[in-house]
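Down below is the structure, laid out as C-alpha coordinates.
The values are calculated or read from the model by the stated rules, or taken from the named source; none is laboratory data. None of the values given here were measured: they were computed from a predicted structure. Cβ placement follows ideal geometry from the backbone for every residue including glycine, while neighbour counts extend to all protein chains displayed.
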Amino acid sequence: MGIDLYGLRLIIKGYLDRQGKTISEFKDNLPGREFAIGFMTRHKENLAVRFCQNIKRVRARVSPSIINDYFNNLEETLRGVPPTHIVNFDETNLSIDPGRCKIITKRGCKYPERVINQTKSAPCLSCLPPQQMVICCHAMCGWFDSRTFTDWLQTVAIPYLEKLDGIKVLIGDNLSSHLSVEVVSLCKENNIRFVFLPGNSTHLTQPLDIAFFRPLKAAWRKVLLEWKRGPGMKEPSVPKSVFPRLFARLINEIDENSSKNIQAGFCKAGIVPLNRNKVLDMIPKEPNEPQAVELNLDNSFCELLREMRYGEPQQQRKTSGKKIPVEAGKSVYYEDTSESNEDPHISLSKDENSSSDLLDFSDKPNEESSKTNDDRKKIYVQKHRRKFVNVAPVQPCDIQKNNWLVSIQKQKSLFQ
(Lines give C-alpha, C1' and ligand atoms only; values in the text may rest on other atoms or scores of the structure.)
Protein backbone atom coordinates (compact mmCIF):
# COMPACT_ATOMS: atom_id res chain seq x y z
CA MET A 1 0.00 0.00 0.00
CA GLY A 2 3.00 2.32 -0.35
CA ILE A 3 4.55 1.93 3.13
CA ASP A 4 8.30 2.54 3.37
CA LEU A 5 10.68 1.94 6.29
CA TYR A 6 9.60 5.15 8.00
CA GLY A 7 5.97 4.09 7.72
CA LEU A 8 6.90 0.73 9.23
CA ARG A 9 8.49 2.53 12.19
CA LEU A 10 5.32 4.56 12.71
CA ILE A 11 3.20 1.40 12.63
CA ILE A 12 5.38 -0.18 15.33
CA LYS A 13 5.13 2.99 17.42
CA GLY A 14 1.34 3.00 17.08
CA TYR A 15 1.18 -0.66 18.05
CA LEU A 16 3.26 -0.10 21.19
CA ASP A 17 1.19 2.94 22.18
CA ARG A 18 -2.08 1.02 21.79
CA GLN A 19 -0.72 -1.86 23.88
CA GLY A 20 0.46 0.53 26.58
CA LYS A 21 4.07 -0.60 26.30
CA THR A 22 7.16 1.60 26.47
CA ILE A 23 10.54 0.55 25.08
CA SER A 24 13.38 2.45 26.72
CA GLU A 25 15.68 1.93 23.73
CA PHE A 26 13.20 3.78 21.45
CA LYS A 27 12.92 7.54 21.57
CA ASP A 28 9.23 8.34 22.19
CA ASN A 29 8.49 4.69 21.36
CA LEU A 30 9.66 5.30 17.77
CA PRO A 31 12.17 2.62 16.65
CA GLY A 32 15.23 3.66 14.70
CA ARG A 33 16.09 2.88 11.10
CA GLU A 34 18.41 0.04 12.12
CA PHE A 35 15.54 -1.67 13.94
CA ALA A 36 13.35 -1.40 10.83
CA ILE A 37 16.08 -2.94 8.67
CA GLY A 38 16.54 -5.74 11.18
CA PHE A 39 12.77 -6.30 11.28
CA MET A 40 12.77 -6.71 7.49
CA THR A 41 15.70 -9.14 7.74
CA ARG A 42 13.96 -11.27 10.36
CA HIS A 43 10.79 -11.46 8.25
CA LYS A 44 12.39 -11.76 4.82
CA GLU A 45 10.31 -14.84 4.04
CA ASN A 46 7.11 -12.76 4.10
CA LEU A 47 8.28 -9.18 3.46
CA ALA A 48 10.45 -7.66 0.75
CA VAL A 49 11.50 -4.22 -0.52
CA ARG A 50 10.67 -3.52 -4.16
CA PHE A 51 10.61 -0.52 -6.47
CA CYS A 52 7.01 0.58 -6.94
CA GLN A 53 5.21 2.29 -9.77
CA ASN A 54 3.16 5.40 -9.11
CA ILE A 55 -0.50 5.27 -10.11
CA LYS A 56 -3.17 7.92 -9.76
CA ARG A 57 -5.81 7.67 -7.07
CA VAL A 58 -8.53 7.19 -9.68
CA ARG A 59 -6.67 4.09 -10.89
CA ALA A 60 -6.13 2.87 -7.33
CA ARG A 61 -9.91 3.02 -6.77
CA VAL A 62 -10.47 0.19 -9.26
CA SER A 63 -11.80 -2.45 -6.87
CA PRO A 64 -12.45 -6.19 -7.29
CA SER A 65 -16.19 -5.49 -7.50
CA ILE A 66 -15.66 -3.28 -10.58
CA ILE A 67 -13.55 -5.97 -12.24
CA ASN A 68 -16.09 -8.67 -11.43
CA ASP A 69 -18.94 -6.64 -12.93
CA TYR A 70 -16.85 -6.06 -16.04
CA PHE A 71 -16.08 -9.76 -16.51
CA ASN A 72 -19.71 -10.72 -15.86
CA ASN A 73 -20.72 -8.56 -18.84
CA LEU A 74 -17.70 -9.58 -20.91
CA GLU A 75 -18.46 -13.27 -20.46
CA GLU A 76 -21.88 -12.75 -21.99
CA THR A 77 -20.50 -10.57 -24.81
CA LEU A 78 -17.75 -13.01 -25.84
CA ARG A 79 -19.96 -16.11 -25.74
CA GLY A 80 -19.66 -17.91 -29.07
CA VAL A 81 -17.01 -15.51 -30.44
CA PRO A 82 -13.71 -17.15 -31.54
CA PRO A 83 -10.45 -15.58 -30.27
CA THR A 84 -9.46 -14.50 -33.79
CA HIS A 85 -12.57 -12.27 -33.93
CA ILE A 86 -11.63 -10.25 -30.81
CA VAL A 87 -9.80 -6.99 -31.53
CA ASN A 88 -8.27 -4.55 -29.07
CA PHE A 89 -7.52 -0.93 -30.03
CA ASP A 90 -5.64 1.84 -28.28
CA GLU A 91 -3.67 5.00 -29.03
CA THR A 92 -0.14 5.87 -28.04
CA ASN A 93 2.61 8.25 -29.11
CA LEU A 94 6.10 7.68 -30.47
CA SER A 95 8.36 10.27 -28.87
CA ILE A 96 10.98 12.05 -30.97
CA ASP A 97 13.26 12.07 -27.91
CA PRO A 98 15.44 8.91 -27.88
CA GLY A 99 15.73 9.12 -24.11
CA ARG A 100 18.63 9.06 -21.67
CA CYS A 101 21.49 6.59 -21.69
CA LYS A 102 24.79 5.99 -19.92
CA ILE A 103 27.90 7.53 -21.51
CA ILE A 104 31.63 7.45 -20.73
CA THR A 105 32.83 10.70 -19.17
CA LYS A 106 35.64 12.06 -17.04
CA ARG A 107 35.46 11.03 -13.39
CA GLY A 108 34.01 13.83 -11.31
CA CYS A 109 31.83 15.27 -14.08
CA LYS A 110 28.47 16.05 -12.45
CA TYR A 111 26.48 17.15 -15.49
CA PRO A 112 27.35 15.04 -18.53
CA GLU A 113 25.54 16.00 -21.72
CA ARG A 114 24.85 14.47 -25.11
CA VAL A 115 24.16 16.78 -28.05
CA ILE A 116 21.14 15.45 -29.92
CA ASN A 117 18.04 17.20 -31.27
CA GLN A 118 14.67 16.41 -29.72
CA THR A 119 11.12 17.73 -29.91
CA LYS A 120 7.52 16.77 -29.17
CA SER A 121 5.90 13.41 -29.91
CA ALA A 122 4.06 11.84 -32.84
CA PRO A 123 0.79 10.01 -32.09
CA CYS A 124 0.29 6.54 -33.52
CA LEU A 125 -2.85 4.42 -33.44
CA SER A 126 -2.60 0.67 -32.93
CA CYS A 127 -5.25 -2.03 -33.43
CA LEU A 128 -4.38 -5.57 -32.45
CA PRO A 129 -6.23 -8.90 -32.65
CA PRO A 130 -4.82 -11.82 -30.66
CA GLN A 131 -3.13 -13.67 -33.54
CA GLN A 132 -1.67 -10.90 -35.67
CA MET A 133 -1.02 -7.18 -35.72
CA VAL A 134 -2.55 -4.26 -37.61
CA ILE A 135 -0.97 -0.85 -36.94
CA CYS A 136 -2.12 2.44 -38.43
CA CYS A 137 0.05 5.52 -38.10
CA HIS A 138 -2.32 8.49 -38.03
CA ALA A 139 -0.54 11.84 -37.79
CA MET A 140 2.63 13.56 -36.71
CA CYS A 141 0.91 15.80 -34.16
CA GLY A 142 -2.49 16.70 -32.76
CA TRP A 143 -5.12 15.27 -30.45
CA PHE A 144 -7.04 12.09 -31.18
CA ASP A 145 -10.63 13.26 -31.54
CA SER A 146 -13.96 11.72 -32.54
CA ARG A 147 -13.52 12.53 -36.23
CA THR A 148 -10.12 10.82 -36.32
CA PHE A 149 -11.46 7.72 -34.59
CA THR A 150 -14.41 7.47 -36.99
CA ASP A 151 -12.03 7.78 -39.93
CA TRP A 152 -9.79 5.04 -38.48
CA LEU A 153 -12.81 2.80 -37.93
CA GLN A 154 -13.95 3.19 -41.55
CA THR A 155 -10.56 2.91 -43.24
CA VAL A 156 -8.67 0.41 -41.04
CA ALA A 157 -10.82 -1.53 -38.58
CA ILE A 158 -13.91 -2.30 -40.67
CA PRO A 159 -11.94 -3.42 -43.80
CA TYR A 160 -10.00 -5.82 -41.58
CA LEU A 161 -13.06 -7.12 -39.69
CA GLU A 162 -15.10 -7.55 -42.88
CA LYS A 163 -12.82 -10.45 -43.82
CA LEU A 164 -14.01 -12.38 -40.72
CA ASP A 165 -17.26 -14.30 -40.69
CA GLY A 166 -19.72 -14.07 -37.82
CA ILE A 167 -19.76 -11.75 -34.82
CA LYS A 168 -16.71 -9.58 -34.14
CA VAL A 169 -15.81 -7.81 -30.88
CA LEU A 170 -13.98 -4.48 -30.72
CA ILE A 171 -12.61 -3.65 -27.25
CA GLY A 172 -11.10 -0.33 -26.14
CA ASP A 173 -11.00 2.28 -23.38
CA ASN A 174 -14.01 4.48 -22.67
CA LEU A 175 -12.82 7.86 -23.92
CA SER A 176 -15.60 10.16 -25.07
CA SER A 177 -13.96 10.49 -28.52
CA HIS A 178 -14.59 6.76 -29.10
CA LEU A 179 -18.38 6.96 -28.75
CA SER A 180 -20.71 8.55 -31.27
CA VAL A 181 -23.91 7.66 -33.09
CA GLU A 182 -21.97 7.13 -36.32
CA VAL A 183 -19.51 4.71 -34.69
CA VAL A 184 -22.29 2.63 -33.10
CA SER A 185 -24.23 2.55 -36.39
CA LEU A 186 -21.15 1.40 -38.32
CA CYS A 187 -20.51 -1.36 -35.79
CA LYS A 188 -24.12 -2.53 -35.96
CA GLU A 189 -24.09 -2.61 -39.76
CA ASN A 190 -20.95 -4.73 -39.81
CA ASN A 191 -21.98 -7.14 -36.99
CA ILE A 192 -19.41 -5.73 -34.55
CA ARG A 193 -19.93 -5.64 -30.79
CA PHE A 194 -18.42 -2.41 -29.47
CA VAL A 195 -17.17 -2.97 -25.90
CA PHE A 196 -15.57 -0.54 -23.44
CA LEU A 197 -13.14 -1.33 -20.63
CA PRO A 198 -13.80 -0.10 -17.06
CA GLY A 199 -12.76 3.50 -16.51
CA ASN A 200 -9.19 4.10 -15.29
CA SER A 201 -8.35 0.38 -15.49
CA THR A 202 -6.29 0.17 -18.69
CA HIS A 203 -3.15 -0.68 -16.68
CA LEU A 204 -4.97 -3.89 -15.71
CA THR A 205 -7.38 -4.69 -18.56
CA GLN A 206 -5.85 -3.22 -21.74
CA PRO A 207 -3.77 -5.88 -23.58
CA LEU A 208 -1.78 -3.24 -25.47
CA ASP A 209 -0.74 -1.37 -22.32
CA ILE A 210 0.17 -4.58 -20.52
CA ALA A 211 2.44 -6.37 -22.99
CA PHE A 212 2.92 -4.53 -26.28
CA PHE A 213 3.58 -0.81 -26.00
CA ARG A 214 6.72 -1.11 -23.87
CA PRO A 215 8.70 -3.28 -26.33
CA LEU A 216 7.28 -1.18 -29.16
CA LYS A 217 8.66 2.05 -27.73
CA ALA A 218 11.98 0.44 -26.80
CA ALA A 219 12.44 -0.65 -30.41
CA TRP A 220 11.36 2.82 -31.60
CA ARG A 221 14.02 4.53 -29.49
CA LYS A 222 16.63 2.23 -31.03
CA VAL A 223 15.48 3.01 -34.58
CA LEU A 224 15.28 6.74 -33.83
CA LEU A 225 18.75 6.87 -32.30
CA GLU A 226 20.31 5.15 -35.31
CA TRP A 227 18.66 7.70 -37.62
CA LYS A 228 19.76 10.67 -35.48
CA ARG A 229 23.35 9.42 -35.53
CA GLY A 230 23.23 9.21 -39.32
CA PRO A 231 21.10 11.12 -41.83
CA GLY A 232 19.07 12.94 -39.18
CA MET A 233 22.01 14.34 -37.22
CA LYS A 234 21.18 17.95 -38.09
CA GLU A 235 17.39 17.58 -38.28
CA PRO A 236 15.50 19.34 -35.44
CA SER A 237 12.71 16.74 -35.70
CA VAL A 238 11.63 13.81 -37.83
CA PRO A 239 10.24 15.12 -41.17
CA LYS A 240 6.92 13.72 -42.32
CA SER A 241 8.61 12.36 -45.45
CA VAL A 242 11.07 10.36 -43.33
CA PHE A 243 8.71 9.06 -40.63
CA PRO A 244 7.05 6.34 -42.79
CA ARG A 245 10.44 4.77 -43.53
CA LEU A 246 11.39 4.78 -39.84
CA PHE A 247 7.99 3.36 -38.97
CA ALA A 248 8.48 0.52 -41.47
CA ARG A 249 11.83 -0.28 -39.87
CA LEU A 250 10.10 -0.30 -36.48
CA ILE A 251 7.54 -2.85 -37.67
CA ASN A 252 10.31 -5.09 -38.97
CA GLU A 253 12.16 -4.71 -35.68
CA ILE A 254 9.26 -5.94 -33.54
CA ASP A 255 7.82 -8.42 -36.03
CA GLU A 256 9.64 -11.41 -34.55
CA ASN A 257 8.09 -11.21 -31.07
CA SER A 258 4.94 -9.18 -31.77
CA SER A 259 2.62 -12.18 -32.01
CA LYS A 260 3.86 -13.61 -28.70
CA ASN A 261 3.56 -10.24 -26.98
CA ILE A 262 0.01 -9.74 -28.26
CA GLN A 263 -1.15 -13.16 -27.10
CA ALA A 264 0.55 -12.61 -23.74
CA GLY A 265 -1.28 -9.29 -23.38
CA PHE A 266 -4.69 -10.84 -24.06
CA CYS A 267 -3.90 -13.65 -21.62
CA LYS A 268 -2.69 -11.27 -18.86
CA ALA A 269 -5.81 -9.10 -19.31
CA GLY A 270 -8.00 -12.19 -18.82
CA ILE A 271 -9.72 -11.87 -22.22
CA VAL A 272 -8.30 -14.83 -24.17
CA PRO A 273 -8.73 -17.24 -22.49
CA LEU A 274 -11.42 -15.65 -20.33
CA ASN A 275 -10.09 -15.64 -16.76
CA ARG A 276 -10.94 -12.83 -14.34
CA ASN A 277 -8.42 -14.08 -11.78
CA LYS A 278 -5.60 -12.83 -14.02
CA VAL A 279 -6.75 -9.27 -13.31
CA LEU A 280 -7.94 -9.80 -9.74
CA ASP A 281 -4.50 -11.13 -8.79
CA MET A 282 -2.97 -7.76 -9.76
CA ILE A 283 -5.22 -5.86 -7.31
CA PRO A 284 -4.11 -5.78 -3.65
CA LYS A 285 -6.41 -7.76 -1.43
CA GLU A 286 -8.34 -5.93 1.27
CA PRO A 287 -7.54 -7.17 4.81
CA ASN A 288 -10.44 -9.14 6.24
CA GLU A 289 -11.47 -9.68 9.83
CA PRO A 290 -9.49 -12.89 10.60
CA GLN A 291 -6.29 -11.42 9.17
CA ALA A 292 -6.70 -8.27 11.25
CA VAL A 293 -7.07 -10.35 14.43
CA GLU A 294 -4.13 -12.60 13.57
CA LEU A 295 -1.80 -9.66 12.97
CA ASN A 296 -3.24 -7.75 15.94
CA LEU A 297 -4.02 -4.72 13.78
CA ASP A 298 -6.91 -2.50 14.77
CA ASN A 299 -9.67 -1.32 12.45
CA SER A 300 -8.26 2.18 12.21
CA PHE A 301 -5.10 0.92 10.48
CA CYS A 302 -7.14 -1.20 8.06
CA GLU A 303 -9.30 1.83 7.25
CA LEU A 304 -6.14 3.86 6.68
CA LEU A 305 -4.92 1.32 4.13
CA ARG A 306 -8.27 1.36 2.33
CA GLU A 307 -8.33 5.16 2.29
CA MET A 308 -4.78 5.31 0.90
CA ARG A 309 -5.82 3.17 -2.07
CA TYR A 310 -9.49 3.91 -2.71
CA GLY A 311 -10.01 7.32 -1.05
CA GLU A 312 -13.27 8.62 0.35
CA PRO A 313 -16.21 8.76 -2.12
CA GLN A 314 -17.53 12.07 -0.79
CA GLN A 315 -14.18 13.77 -1.42
CA GLN A 316 -13.86 12.77 -5.06
CA ARG A 317 -13.22 15.77 -7.30
CA LYS A 318 -15.48 16.38 -10.26
CA THR A 319 -13.83 15.35 -13.50
CA SER A 320 -13.98 17.17 -16.81
CA GLY A 321 -16.29 14.56 -18.34
CA LYS A 322 -13.80 12.90 -20.66
CA LYS A 323 -14.99 9.45 -19.56
CA ILE A 324 -18.40 8.25 -20.64
CA PRO A 325 -20.90 6.44 -18.37
CA VAL A 326 -21.17 3.22 -20.38
CA GLU A 327 -21.30 -0.14 -18.61
CA ALA A 328 -17.97 -1.91 -19.07
CA GLY A 329 -17.91 -5.26 -20.85
CA LYS A 330 -21.28 -4.80 -22.59
CA SER A 331 -21.77 -4.10 -26.26
CA VAL A 332 -22.78 -0.48 -26.86
CA TYR A 333 -26.09 0.16 -28.62
CA TYR A 334 -27.75 3.22 -30.11
CA GLU A 335 -29.67 3.94 -26.89
CA ASP A 336 -26.37 4.59 -25.11
CA THR A 337 -25.59 7.46 -27.48
CA SER A 338 -29.05 9.02 -27.74
CA GLU A 339 -28.12 11.82 -25.35
CA SER A 340 -24.56 12.31 -26.60
CA ASN A 341 -23.40 14.87 -29.14
CA GLU A 342 -20.19 14.92 -31.13
CA ASP A 343 -18.86 17.30 -28.49
CA PRO A 344 -19.71 15.73 -25.11
CA HIS A 345 -19.02 18.99 -23.24
CA ILE A 346 -21.83 20.85 -25.06
CA SER A 347 -25.50 20.00 -24.65
CA LEU A 348 -28.33 21.91 -26.29
CA SER A 349 -31.77 22.13 -24.76
CA LYS A 350 -34.82 24.24 -25.48
CA ASP A 351 -37.12 26.10 -23.15
CA GLU A 352 -40.08 23.92 -22.21
CA ASN A 353 -42.51 26.75 -23.04
CA SER A 354 -41.07 27.18 -26.53
CA SER A 355 -43.34 25.98 -29.33
CA SER A 356 -40.89 26.06 -32.24
CA ASP A 357 -37.70 24.10 -32.75
CA LEU A 358 -35.52 26.92 -34.10
CA LEU A 359 -35.25 30.64 -33.71
CA ASP A 360 -36.84 32.52 -36.58
CA PHE A 361 -34.42 34.70 -38.54
CA SER A 362 -36.63 35.25 -41.59
CA ASP A 363 -37.53 38.70 -42.89
CA LYS A 364 -40.65 39.71 -40.97
CA PRO A 365 -42.05 42.97 -39.64
CA ASN A 366 -40.63 44.26 -36.40
CA GLU A 367 -43.46 42.74 -34.34
CA GLU A 368 -41.10 40.22 -32.77
CA SER A 369 -38.61 42.92 -31.84
CA SER A 370 -41.26 44.76 -29.85
CA LYS A 371 -41.71 41.80 -27.50
CA THR A 372 -39.92 41.63 -24.21
CA ASN A 373 -37.23 39.09 -23.38
CA ASP A 374 -39.71 37.05 -21.33
CA ASP A 375 -42.01 36.62 -24.34
CA ARG A 376 -39.27 35.60 -26.73
CA LYS A 377 -38.44 31.98 -27.38
CA LYS A 378 -35.21 31.08 -25.62
CA ILE A 379 -32.45 28.64 -26.41
CA TYR A 380 -30.02 27.43 -23.78
CA VAL A 381 -26.43 26.34 -24.36
CA GLN A 382 -24.64 24.55 -21.54
CA LYS A 383 -20.84 24.50 -21.74
CA HIS A 384 -18.19 23.97 -19.05
CA ARG A 385 -20.93 23.51 -16.43
CA ARG A 386 -22.38 26.98 -17.14
CA LYS A 387 -25.67 27.76 -18.87
CA PHE A 388 -25.87 30.58 -21.42
CA VAL A 389 -29.26 31.99 -22.44
CA ASN A 390 -30.24 33.27 -25.90
CA VAL A 391 -26.99 32.36 -27.61
CA ALA A 392 -28.21 32.69 -31.18
CA PRO A 393 -26.32 31.10 -34.08
CA VAL A 394 -24.69 33.55 -36.47
CA GLN A 395 -26.54 33.54 -39.77
CA PRO A 396 -24.68 33.71 -43.09
CA CYS A 397 -24.72 37.15 -44.66
CA ASP A 398 -25.34 37.78 -48.35
CA ILE A 399 -23.16 40.78 -49.11
CA GLN A 400 -24.27 40.90 -52.74
CA LYS A 401 -27.85 41.70 -51.65
CA ASN A 402 -26.60 44.35 -49.21
CA ASN A 403 -28.64 42.89 -46.37
CA TRP A 404 -25.74 42.11 -44.03
CA LEU A 405 -26.56 45.13 -41.83
CA VAL A 406 -30.17 44.01 -41.46
CA SER A 407 -29.00 40.53 -40.40
CA ILE A 408 -26.71 41.99 -37.74
CA GLN A 409 -29.47 44.22 -36.40
CA LYS A 410 -31.83 41.26 -36.12
CA GLN A 411 -29.32 39.26 -34.12
CA LYS A 412 -28.58 42.23 -31.83
CA SER A 413 -32.28 42.63 -31.10
CA LEU A 414 -32.36 39.19 -29.50
CA PHE A 415 -30.09 40.33 -26.69
CA GLN A 416 -31.74 43.70 -26.00
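Every residue in region 172-186 that is under 25 Å from Ile67 (Cα atoms), modelled with pLDDT of 90 or more and either more than 13 Å from the chain's Cα centre (by Cα) or in a helix (DSSP H, G or I) (or both), please.
The one that is under 25 Å from Ile67 (Cα atoms), modelled with pLDDT of 90 or more and either more than 13 Å from the chain's Cα centre (by Cα) or in a helix (DSSP H, G or I) (or both): Val184.
Please go through region 143-163 and give me each residue that is acidic (Asp, Glu) and part of a loop (DSSP other than H, G, I, E, B), ordered by number.
Matches in region 143-163: Asp145, Glu162.
What's the number of the condition Arg18 fails, among (1) out of contact with any helix residue (DSSP H, G or I) (no Cβ under 8 Å at 6 or more places or on another chain); (2) surrounded by 10 or more Cβ atoms within 10 Å (Cβ to Cβ); (3) in the same structural domain as Leu274 (by TED's automatic domain parsing)?
Checking Arg18 against (1) out of contact with any helix residue (DSSP H, G or I) (no Cβ under 8 Å at 6 or more places or on another chain); (2) surrounded by 10 or more Cβ atoms within 10 Å (Cβ to Cβ); (3) in the same structural domain as Leu274 (by TED's automatic domain parsing), the one that fails is (3).
Checking the conditions here, which among Glu226, Glu253 is acidic (Asp, Glu), surrounded by fewer than 18 Cβ atoms within 10 Å (Cβ to Cβ) and touching a residue at least 12 places away in the same chain (Cβ under 8 Å)?
Being acidic (Asp, Glu), surrounded by fewer than 18 Cβ atoms within 10 Å (Cβ to Cβ) and touching a residue at least 12 places away in the same chain (Cβ under 8 Å) holds for just one of Glu226, Glu253, which is Glu253.
Which of the residues belonging to region 255-281 are touching a Leu at 6+ places or on another chain (Cβ under 8 Å) and more than 16 Å from Leu197 (Cα to Cα)?
Listed by number, the list holds a single entry, Ile262.
Can you tell me which residues in region 171-195 are touching a Cys at 6+ places or on another chain (Cβ under 8 Å) and not aromatic (Phe, Trp, Tyr)?
Arg193
Restricting to region 198-242, count the residues that are within 15 Å of Asn117 (Cβ to Cβ) and part of a helix (DSSP H, G or I).
Residues in region 198-242 being within 15 Å of Asn117 (Cβ to Cβ) and part of a helix (DSSP H, G or I): 7 in total.
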